[in-house]
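*Asks:* The structure under discussion is supplied below as structure tokens; questions concerning it will follow.
The values are calculated or read from the model by the stated rules, or taken from the named source; none is laboratory data. Computed from a predicted model, the values in this text were never measured in an experiment. Positions of Cβ are generated from backbone atoms using ideal geometry, with glycine treated the same way; all protein chains shown enter the neighbour counts. Calculation scope for accessible area: heavy atoms of the full protein, side chains included, ligands and nucleic acids excluded. Shrake-Rupley method; radii C 1.70, N 1.55, O 1.52, S 1.80 Å.
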Amino acid sequence: SIGRESQSNRNMKTAILIWLTLQNSIHTLLIRYSRAREVEDMFVSTVAVWLTEVIKCIICLFLVAQEETPRRFLSSLRAQIIEQPYDTLKVCIPAMIYIVQNNLFYVAASHLDAATFMITSQLKIFTAAIFTVIILRRSLNQTQWFALGVLFIGVSLVQLQGTSSTAKIAGESPLVGFIAVVVACCLSGFAGIYFEKILKGSAPVSLWMRNVQMAVFAIPSSFLAIYVSDSETVTTKGLLYGFDSIVWLTVLWYGIGGLSVAVCIKYADNIAKNFATSVAIVLSTIGSMFLFDFIPSLTFIFGASLVIFSIFLYSSHQSMVSALNRLRGDV
Ligand code: C5P
């Protein structure tokens with residue numbers, strides 16, 4: 001039965017990686033579309049971040065309710081959240097960091113052109129790997145580091161081609177954007193690995209319950225962010241200023257994306273997640289070929305090939321290790 005279980009785990013892992021790839025591709029197209037539109041009332045991004053947290057919390061509460069009988073639902077929420085303050089407090093760190101990160105990504109996106117923004121945000125590939133080594137004490141060999149480097153170069157080439165440079169808009173400060181995205185990537189790597197460590201640690205708390213615990217900190221702190229940076233706009237124009245169906249869809253999709261990341265961290269890991277999102281970038285560029293009549297250049301084809309190659313390079317080592325382990329197990 002152990003064999004069957006690991007087989008179903010492996011299927012789950014493949015399924016979530018494919019789903020995350022598709023999810024991310026649509027996310028990229030959606031954000032690009034909502035940004036490319038010319039609207040007068042631009043929505044307040046801190047409000048969008050807060051609403052994403054609220055939506056994720058509602059979805060997670062619903063999923064926790066599915067795991068429990070209705071009668072036990074409230075008591076298990078109380079038992080896991082209020083009566084174990086120390087355990088709840090553990091997720092406070094990744095929860096807060098994710099809020100800062102999500103806000104920083106909006107800052108970065110409004111100060112950098114799309115290509116620079118997306119290329120620098122691929123630094124996540126390295127920060128996740130570095131924190132995997134430091135915090136989870138897993139080691140990566142030379143081939144795997146090399147594969148990560150190839151992945152980074154591949155995705156960068158794809159993006160160089162995918163997004164033509166846009167004219168600088170008044171008020172944009174590339175340095176601010178660059179610092180924001182670099183800091184956000186460090187935070188992303190750290191928070192992701194920290195969450196992975198908590199989730200795969202000894203306490204038997206479900207993934208959805210962990211996310212409800214995170215929401216306990218994430219919802220108030222993201223609300224605080226609205227108050228600190230946009231209270232004037234929000235009080236004069238209203239909380240939901242500029243929220244049309246596209247913005248709502250983006251917020252909802254962002255939330256679904258966050259929860260998909262959580263599932264991916266559970267069944268695979270943070271590094272696999274970054275591979276999935278890199279493939280998503282290739283796919284969304286191909287998608288925009290059909291949608292926006294974009295013609296691929298040699299740079300794009302070369303970059304996309306590097307991305308695919310890096311995946312085989314990285315996982316060939318993994319499958320070699322697991323084959324060796326199996327052999328050792330058999331002996
Ligand atoms: O790509 P990256 O790992 O930086 O994306 C993290 C995103 O996933 C953040 O928006 C974060 O809020 C979300 N997330 C989540 N629940 C988790 C882990 C991550 O909503 N358990």
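*Asks:* Any residue at all in the stretch 293-306 that's part of a helix (DSSP H, G or I), over 19 Å from residue 15 (Cα atoms) and either touching a Phe, Trp or Tyr at 6+ places or on another chain (Cβ under 6 Å) or within 16 Å of the ligand (Cβ to nearest atom) (or both)?
*Replies:* No, the stretch 293-306 has no match at all.
*Asks:* Closer than 30 Å to residue 43 by Cα, aliphatic (A, V, I, L, M) and out of contact with any Ser or Thr (no Cβ under 9 Å at 6 or more places or on another chain): which single residue out of 93, 130 fits that description?
*Replies:* 93
*Asks:* Oh, and also: I need the full set of residues from the stretch 130-143 which are surrounded by 18 or more Cβ atoms within 10 Å (Cβ to Cβ) and touching a Leu at 6+ places or on another chain (Cβ under 8 Å), in order please.
*Replies:* Within the stretch 130-143, 132 is the sole residue that qualifies.
*Asks:* Residues of the stretch 100-128 being closer than 14 Å to residue 189 by Cα, in contact with a Gly (Cβ under 8 Å, 6 or more places away or on another chain) and of a type in the set (A, V, I, L, M), which ones?
*Replies:* Scanning the stretch 100-128 gives a single hit, 128.
*Asks:* Name the single residue that is surrounded by the most Cβ atoms within 10 Å (Cβ to Cβ) among those in the stretch 45-64 being more than 10 Å from the ligand (Cβ to nearest atom) and closer than 11 Å to residue 209 by Cβ.
*Replies:* Restricting to residues being more than 10 Å from the ligand (Cβ to nearest atom) and closer than 11 Å to residue 209 by Cβ, the top hit is 64.
*Asks:* For the stretch 213-238, enumerate the residues that are open to solvent by 60 Å² or more (accessible area, probe 1.4 Å) and of a type outside the set (Lys, Arg).
*Replies:* Within the stretch 213-238, 216, 220, 223, 224, 227, 228, 229, 232, 235, 236 qualify.
*Asks:* Pairs needed: first member in the stretch 104-129, within 11 Å of the ligand (Cβ to nearest atom); second member anywhere, open to solvent by 20 Å² or more (accessible area, probe 1.4 Å) and part of a loop (DSSP other than H, G, I, E, B); C-beta distance under 9 Å; at least 6 residues apart or different chains.
*Replies:* 128/269
*Asks:* Before we move on, is residue 99 within 28 Å of residue 200 (Cβ to Cβ), part of a helix (DSSP H, G or I) and open to solvent by less than 30 Å² (accessible area, probe 1.4 Å)?
*Replies:* So residue 99 fits the description; yes.
*Asks:* Which residue pairs have Cβ atoms closer than 8 Å, lie 6 or more positions apart in sequence or on different chains, and pair a first residue in the stretch 55-68 that is small (Gly, Ala, Ser) with a second residue that is open to solvent by 30 Å² or more (accessible area, probe 1.4 Å)?
*Replies:* 65/73
*Asks:* Identify the residue in the stretch 102-129 that is surrounded by fewer than 19 Cβ atoms within 10 Å (Cβ to Cβ) and modelled with pLDDT under 80 and, among all such residues, is nearest to the chain's Cα centre (by Cα).
*Replies:* Here the residue is 106.
*Asks:* I would also like to ask the following. Let me spell it out: the conditions are (1) modelled with pLDDT of 90 or more; (2) within 12 Å of the ligand (Cβ to nearest atom), and residue 132 meets all of them except one. Which number is the exception?
*Replies:* Looking at each condition in turn, residue 132 falls short on (2).
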